[in-house]
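Worksheet: one structure, shown below.
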Amino acid sequence: MCKIFDCSRMDDITFVSPNANEFREMVKRAGIDLNPSVLTSPRHVCDFVCSNPQLMYNLDMLIVTLAAQGTAIISRDENGSLRSSSLPPPLTSDKVLSVSGAGDSLNSGILAALAYRLPLEKCLQVGQRCAALTLQTVEAVSPQISSELLRI
């Protein structure tokens, strides 16, 4: 079994959602220097990736989760140009019971919405809602997550 960034199948990967540590490794493997301050905000990550487009390689979408700082989203438009946006944290820290599973819930919500061919903005809303629900439970995935969330 190969690690994702060591894999000979990298050309087949079009969607990646690393956390801050995984993103740091991705950048390192690309041979690019990363100032730690980049990881202090989603906007900084977006600007960094757009300034280093080789990081997108064959990707259509890169979503970098930065825990309490929020999420950076970089994607390609229909012409192949990069566009970026960011999301705030799904909840304020005083409402968080556990962070376990929140990133997976975010990704699952986004991927489910993409599979239903919802617009990207709606996909991000679904992912945020899934992450927020999981952050409010001690379960690895909130039992409140259902297909009803696709109706956002």
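How many residues, within the stretch 27-43, are over 12 Å from residue 74 (Cβ atoms) and either assigned to a helix (DSSP H, G or I) or polar (S, T, N, Q) (or both)?
So in the stretch 27-43, the residues over 12 Å from residue 74 (Cβ atoms) come out as 27-41.
Then keep just the ones that are either assigned to a helix (DSSP H, G or I) or polar (S, T, N, Q) (or both); that gives 27-29, 35-41.
Of the residues in that region, 10 qualify.
Of all residues being hydroxyl-bearing (Ser, Thr, Tyr) and in contact (Cβ under 8 Å) with a residue 12 or more places away in the chain in the stretch 133-146, which is surrounded by the fewest Cβ atoms within 10 Å (Cβ to Cβ)? Just the residue, please. So that I can check it myself, show each step before the final result.
So the first thing to find is which residues in the stretch 133-146 are hydroxyl-bearing (Ser, Thr, Tyr), and the list is 134, 137, 142, 146.
With the extra rule that they be in contact (Cβ under 8 Å) with a residue 12 or more places away in the chain, the set shrinks to 134, 137, 142.
On the way: 134: 31, 137: 18, 142: 20.
Here the answer is 137.
Condition check: surrounded by fewer than 16 Cβ atoms within 10 Å (Cβ to Cβ) and touching a strand residue (DSSP E or B) at 6+ places or on another chain (Cβ under 8 Å). Does residue 50 satisfy that? Let's see the steps before the verdict.
On the way: surrounded by fewer than 16 Cβ atoms within 10 Å (Cβ to Cβ): yes; touching a strand residue (DSSP E or B) at 6+ places or on another chain (Cβ under 8 Å): yes.
Yes, satisfied.
Given the structure, is residue 102 free of Cβ contacts under 8 Å to residues at least 24 places away in the same chain and either loosely packed, with under 13 Cβ neighbours inside 10 Å or under 15 Å from residue 131 (Cβ atoms) (or both)?
So residue 102 does not fit the description; no.
Answer with yes or no whether residue 90 is in a loop (DSSP other than H, G, I, E, B) and within 20 Å of residue 63 (Cα to Cα). Give the derivation first.
Numbers: in a loop (DSSP other than H, G, I, E, B): yes; within 20 Å of residue 63 (Cα to Cα): yes.
Yes.
Would you confirm, using the coordinates I've provided, whether residue 117 is within 25 Å of residue 40 (Cα to Cα), surrounded by fewer than 17 Cβ atoms within 10 Å (Cβ to Cβ) and free of Cβ contacts under 8 Å to residues at least 40 places away in the same chain?
No: the conditions fail for residue 117.
Of these, 132, 102, which one is over 13 Å from the mean Cα position of the chain (by Cα) and modelled with pLDDT of 90 or more? Before the answer, list the steps.
Details: 102 fails: over 13 Å from the mean Cα position of the chain (by Cα).
Within the list 132, 102, the selection yields 132.
Quick check: anything in the stretch 60-78 out of contact with any Ser or Thr (no Cβ under 8 Å at 6 or more places or on another chain), part of a loop (DSSP other than H, G, I, E, B), without any contact (Cβ under 8 Å) to a residue 24 or more places away in the chain and within 29 Å of residue 29 (Cβ to Cβ)?
Within the stretch 60-78, one or more residues are out of contact with any Ser or Thr (no Cβ under 8 Å at 6 or more places or on another chain), part of a loop (DSSP other than H, G, I, E, B), without any contact (Cβ under 8 Å) to a residue 24 or more places away in the chain and within 29 Å of residue 29 (Cβ to Cβ).
Just one of (1) touching a Ser or Thr at 6+ places or on another chain (Cβ under 7 Å); (2) surrounded by 20 or more Cβ atoms within 10 Å (Cβ to Cβ) trips up residue 23, so point out which.
(1)
The values are calculated or read from the model by the stated rules, or taken from the named source; none is laboratory data. The structure presented is a predicted model; accordingly, all values stated were derived computationally and were not measured. Because the Cβ atoms are built from the backbone with ideal geometry, glycine has one as well, and the counts that use them run over all protein chains shown.
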